[in-house]
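Derivation of every value follows stated rules applied to the coordinates shown; laboratory data play no part. On a predicted model such as this, the values are computed, not experimentally measured, just so you know. Counting neighbours? That spans all protein chains shown, and the Cβs are built from the backbone with ideal geometry, glycine included.
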Amino acid sequence: MIKLCVILSGFLFINPVPEDLKKMRELFLLINKNEAAVNRLKALAMQSKEVEAELKTAYYAASEMATAKYLLSPSAKLKTFKSGKNILEQCIEKDSTNAELRYIRLAIQTNAPSFLGYNQSVQDDKLFLVNHLPSLKKANSELFTAIYVYLIYSRQLTAAEQQQLSKQSL
């Protein structure tokens with residue numbers, strides 16, 4: 001009985017995802033539809049002590065860019081978007097192999113209005129994520145699922161990439 005408890009407790013502590021990170025991921029999915037989600041994501045990213053610095057900074061940057069959508073002044077919209085963009089790009093410069101950072105940027109770039117010109121990394125991020133999903137599936141199944149679903153429904157994949165992704169999901 002004691003062995004069973006030790007084994008089960010071991011499973012509970014293998015790579016646990018902090019609750020704040022789970023909530024950030026949930027809110028991130030809503031930022032294009034809900035201003036309250038943007039504000040909650042921004043507040044959580046600023047105050048969380050559970051999530052690594054680069055990741056919470058990236059979610060903060062995403063919320064900053066999404067804030068622009070809800071502002072009235074065109075100049076304030078542009079200034080706010082650029083501020084968030086610069087923050088996110090700095091995060092990725094520091095850790096370009098972090099799949100979650102690349103996913104955040106891909107999602108922002110594929111949803112940003114084209115006149116902003118923030119789409120130069122779409123192909124690189126998409127290929128990076130498609131190629132790194134197999135290792136992510138084992139390491140972080142929640143993140144794997146979020147990225148996989150996004151890639152499938154974003155309509156950004158070629159037929160060959162879709163085929164590669166379907167093989168990886170099995």
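Computed quantities for the displayed model
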{"quantity": "Exposure rule at most 16 other beta-carbon atoms within 10 Å, DSSP loop GluC sites (Glu not before Pro): the chain longest free segment", "calculated": "53-170"}
{"quantity": "Distance violations [Cα-Cα > 28 Å] among K69/K167; K23/K137; K42/K167; K33/K138", "calculated": "K69/K167; K42/K167; K33/K138"}
{"quantity": "Centroid-to-centroid separation of segment 29-74 and segment 90-153 [C-alpha atoms, Å]", "calculated": "17"}
{"quantity": "Radius ratio Rg over Rh of segment 14-169, counting only Cα atoms, Kirkwood formula for Rh", "calculated": "0.95"}
{"quantity": "Proximal aspartates and glutamates relative to K49, as straight alpha-carbon distance under 19 Å, when same-chain residues fewer than 8 apart are discounted", "calculated": "E19, D20, E26, E100"}
{"quantity": "Mean separation of Cα contacts under 8 Å (6+ apart) over length of the chain, as relative contact order %", "calculated": "13"}
{"quantity": "Proximal aspartates and glutamates to K85, defined as alpha-carbon separation beneath 13 angstrom and excluding residues fewer than eight positions away on the same chain", "calculated": "E64, E93"}
